[in-house]
Structures are given as structure tokens and as C-alpha cells.
Amino acid sequence: MTTVEIIEDGRAIALTVAGETYRFHAIWLRDNAWDDATRAPGNGQRLIALRDIPEGTQIAAASVDGEQLQLNFAPEGRQISYDIDWLMSHVYDTRENTQIGWNSDDVTPWDDALIDHIPLGDFARVQSDPAARAAWLGGVARYGFGKLTGGPVKEGALFQVADLFGYVRETNYGRHFEVRTEVNPTNLAYTGLGLQAHTDNPYRDPVPTVQILYCLENSAEGGENMVVDGFACALRLRDENPEGFELLSRYCARFEYAGEDGVCLRSRRPMIELAPDGELIGVRFNNRSAAAITDVPYADMEAYYAAYRHLGEIIDDPAMEVTFKLAPGECFIVNNTRVLHARKGYSGEGSRWLQGCYADMDGLRSTHAALVQKLEMAAE
Ligand code: FE2
């Protein structure tokens, strides 16, 4: 039983659906009308601006008609009908997210236990089967990480991974870059340096939001890849050291890369990025491209460094990491605004050759959402 009541002198309504009551303001409802004069029937884009809605808009009459809510707006005198299901999926009269560092339900932070449920896809299947592609992209969106196996051992195959959901983002490193090391077989003592887990290119604004690393050769001893959920690390810092979390999110770090002729990339962004309402939206962490930090007041600098060290210790904690070795024809993908990656040291004979490229999370989320919609419609 759905009922509606006009409240606050017509400035809002209280809609009761299945025993729960949700309030909606008149101005919000009028702005979110779906009639043909407000929204373009084809693409759903809004045809009016807020200036076209009178100030002081009120609801003069309200009634429920089956699945529809009928509202009469004054002073326009316009009758508009609303799909109650649509209203229910856009409720805003709920408990507020008050905890700093909150995440939406679409995001699941993880630690080393993810090893048992890595979003894993078969290269050919995610290419040919929309349901398999939707499942894999959904995993990447949720965990910020995924792996594909069984792909071609062929230069440029990484572009076919980007084609699954979007477009390559070209940078000064090119459309793609080579991560190639020949281990010198005459010097078996040589050990390839491991790299601390990092996000790529924090000196860009905006950063590339997706990285793809595709393996073509990996016969050296070691050379595993490792990923760490920067969100899980930031949340652990928040719980272990709230003041440190606050410092790393309040003040901007600086990042810089000027390692080649004609390039001078600089950014000023916090290591832990929060939306104005406290949502955790980004992590930037990269010792190699961290520039001098000059935006932290003298009084806070030592504490800031202590927090930076603490976050680094959490990131280095094996309990937070997932380690795997890519075979030729396998690749992994990360949400570069969240998940850090690293290479373990390697040694012995053999070679390691990966190709990398950047792409974007918005395209990935869009492709995933559109696929899910299509699959749901086909199932109805
Ligand atoms: Fe990297």
C-alpha cells in the first residue's frame, strides 16, 4: 500500500511505500520530472534549466495511482506523473554517511584474502560472451583489480583488453610502453630491483585511471607482480591512526616527473583523497615521483611524515598484498586511483617482457553498466 501526504506547506511530500516513509522536496521533484517537456524523450537529457522552475515551487495536489505518483505543481499549474520505482531508486531521505572514508556499496576493500576470489576472466570468453564480460568488468569495478588468462602471446594484444571496455589513454610514454628486462645470464648474482607498491603517474592531473599490464615473456626467477588495495590501506590507517589519516587527506602532496626532454609534469593532490562529504575517492602513492612537500604547515610537517611512514608500512605489510606471477598471454588491470601495484625482484636466467598501457575507469564503469542493463532487459 503506497500513500502520499503533502507536508511543510507544500514544500515537500512524504511518500510511504511498504511501510517506510521517504520525504522528497517539491523543488527536487520538479527538477527531476520525466515528462516530455522536461526531459528529451530520446536521450533523456534535461531540456530545462533551474531558472525555468519558479522559485517557491510547491506541490498543490498529490495522489497515488497504481505505480504512479501524480503531482500538481504551483504556481506552474503543471501536472506531472512519476514512476514510484524510479523514486524508490533515487531516495535521498536516508541516514547520512557520516564516517570519514566511507565507500559506496559498489566498492569492496580487500586484503590478501582476495587471492581466493580474484576477478578472473578467460580472454576469448570475455571478448565473445557479454555475460562473461559483464561479470569480469563488474569485478574490476568492485575490487579495482582483475586478471585475464589465455590471451594471445602477441605484441599489442593489450589493446584488445582496452577494447573490451573503452579506449587507450595516450601519454608522453606513447600509446603503450615496454616493461622489458633481459637478465644477464653471465651474471647470475644480479637481482632485478623490486619496486615498492605505487600508483602510476600521480604527477598527472587527472591521473590515468586504469592501467593494463600484459605479459609476453616471464622466464626469469621471481618477477612476480603484486597488488595492494590503497582503499583498504587508507581505511586501516584511519582505524589505527585517525590523526595521520586526517593529515594525509587534509594536505596536498606534490608529485613531479621531468625525466625526459620537453616534459615537466606536476600535480598537487593529497595522498588520500576524500570527497567533500568524506567519501574515500582516491589514493596516490609513489616514492619515485613524490616531489618536495611544501603545502603542509611547519607545525604539522613531522606528524605528516609520521603518517606518510605509517601508510607506507601498511602498504608494505604482506597481509595486505596479493601476489601472482603472470604467464605469457596473461594480463592484469588495476584502477590506478585506488589499487597500487609492484614488481618483486627477479634474478637468474631468462627474460621478462610486459607491455603496459593506460585507459579510463569511467569507460569501464559505463560499459559494465550498459552491459548489465542489456542483459537484464534480455532476461525479462
Ligand atoms: Fe607502475
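A few notes on this one:
- Under the combined filter of DSSP loop state and at most 14 neighbouring Cβ atoms within 10 Å, region 40-131 retains these chymotrypsin sites (Phe, Trp or Tyr not before Pro): Tyr92.
- In the chain, helices alone account for a calculated mean residue ellipticity at 222 nm of -7500 deg cm²/dmol, with every DSSP H run of four or more residues adding -39,500 (n - 2.57).
- Remark on region 8-117: Rg and Dmax equal 18.2, 60 Å (Cα only).
- Share of alpha-carbon pairs per 20 Å distance bin for the chain, given as whole %: 23, 46, 27, 4, 0
- When the alpha-carbon atoms of region 24-63 are used, the pair Rg, Dmax equals 10.8, 30 angstrom.
- Among Val227, Val153, Val334, residue whose mean-square fluctuation peaks in a GNM of the chain (springs only between Cα atoms under 10 Å): Val153
- Of His117, His341, the sequence from fewest to most neighbouring Cβ atoms within 10 angstrom is His117, His341.
- C-alpha long axis of helix 130-143 to longest principal axis of the chain, angle in °: 80
- Highest mobility in the GNM of the chain, judged by mean-square fluctuation with C-alpha springs under 10 Å and restricted to Gly19, Gly329, Gly262, is found for Gly19.
- Share antiparallel - DSSP beta bridges, region 112-371, percent rounded to 5: 95
- Cys252, Cys233 arranged by Cβ crowding within 10 Å, fewest neighbours leading: Cys252, Cys233
Every number here is computed from the coordinates shown, using simple stated rules; none is lab data. Keep in mind it's a predicted model, so treat the numbers as computed, not measured. Every residue, glycine among them, receives a Cβ derived from its backbone with ideal geometry; neighbour counts consider all protein chains shown.
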